[in-house]
1. Determine whether B:T59 is within 29 Å of A:T97 (Cβ to Cβ) and without any contact (Cβ under 8 Å) to a residue 24 or more places away in the chain.
2. So, A:Q47, is that one away from every other protein chain (no Cβ under 14 Å), on the phi < 0 side of the Ramachandran plot and polar (S, T, N, Q) or not?
3. Which condition number does B:F64 fail, the rest of (1) surrounded by fewer than 17 Cβ atoms within 10 Å (Cβ to Cβ); (2) within 13 Å of chain A (Cβ to nearest Cβ); (3) not in a strand (DSSP E or B) being met?
4. Counting only residues that are surrounded by 19 or more Cβ atoms within 10 Å (Cβ to Cβ) and facing chain A (nearest Cβ under 9 Å), how many does the range B:92-106 have?
5. Need the failing condition index for B:T30 against (1) crowded, with 17+ Cβ neighbours inside 10 Å; (2) assigned to a helix (DSSP H, G or I), just the number.
6. I'd like the full set of residues that are farther than 17 Å from A:Y92 by Cβ and within 12 Å of another protein chain (Cβ to nearest Cβ), limited to the range B:22-39.
7. Could you run through the range B:40-61 and say how many residues are part of a loop (DSSP other than H, G, I, E, B) and facing another protein chain (nearest Cβ under 10 Å)?
8. Among the residues that make up the range A:31-43, is at least one of them hydroxyl-bearing (S, T, Y) and either away from chain B (no Cβ under 14 Å) or farther than 23 Å from B:T101 by Cβ (or both)?
Amino acid sequence: DIVMTQTPLSSPVTLGQPASISCRSSQSLVHSDGNTYLSWLQQRPGQPPRLLIYKISNRFSGVPDRFSGSGAGTDFTLKISRVEADDVGVYYCTQATQFPRTFGQGTKVEIK
Amino acid sequence: QVQLVQSGSELKKPGASVKVSCKASGYTFTNYAMHWVRQAPGQGLEWMGWINTNTGNPTYAQGFTGRFVFSLDTSVTTAYLQISSLKAEDTALYYCARKGTQDFDYWGQGTLVTVSS
């Protein structure tokens, strides 16, 4: 199974400041079709997860442009350019390159 | 718009069974498979498996074989998760999530299953 490792596990951020979360996979996420199926999910408190970013850097419908994704191979990053109060929650990376699907442990973003 | 609406919370005794439903709307149900994901209290996300909504063929992750069954009723565009011989450690939120144009693109609101004597 592909192991997804996120750092940090907790990220206290000042409102308006940037935040960055890293995700590393235990093996390359490049699929045989040439795509890299790395996604980011956001789970606000008391809410189900929602898809933010897919295939490394593509924002899903309705996701603000302050969220961006980057990376390649086994190393990926989610960045929030200016954190807003609405961004508080837990962020998960997940891979869809192989079965079984696997998730990172989650990174809690909170306001300082 | 795509919606996945799950059944309400359940309180069950150890050894009982539970069936969670996930009603889909806003798209052609049989075009996209459905994942099931578990989230234990205060914990992260755990993939349980998925079901092909066109063929009805389920795939179970390791650790979710035997007591866990995915099924469908395409006439009412609903996916089901049944868990038998419930144990205390099955207490969790269970989510359905569409395997759409992107994986995990839409999620149900979650169903809390509590197992307690």
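1. Yes, satisfied.
2. For A:Q47, the condition - away from every other protein chain (no Cβ under 14 Å), on the phi < 0 side of the Ramachandran plot and polar (S, T, N, Q) - is not met.
3. (1)
4. Count: 7.
5. Of the numbered conditions (1) crowded, with 17+ Cβ neighbours inside 10 Å; (2) assigned to a helix (DSSP H, G or I), the odd one out for B:T30 is (1).
6. Result: B:C22, B:A33.
7. 4
8. Yes.
Computed from the coordinates by the stated procedures, all read-outs in this text should not be read as laboratory data. Treat the numbers as computed from the prediction; the structure is a model and nothing was measured. With ideal geometry, Cβ positions are generated from the backbone for all residues, glycine too; neighbour counts draw on all protein chains shown.
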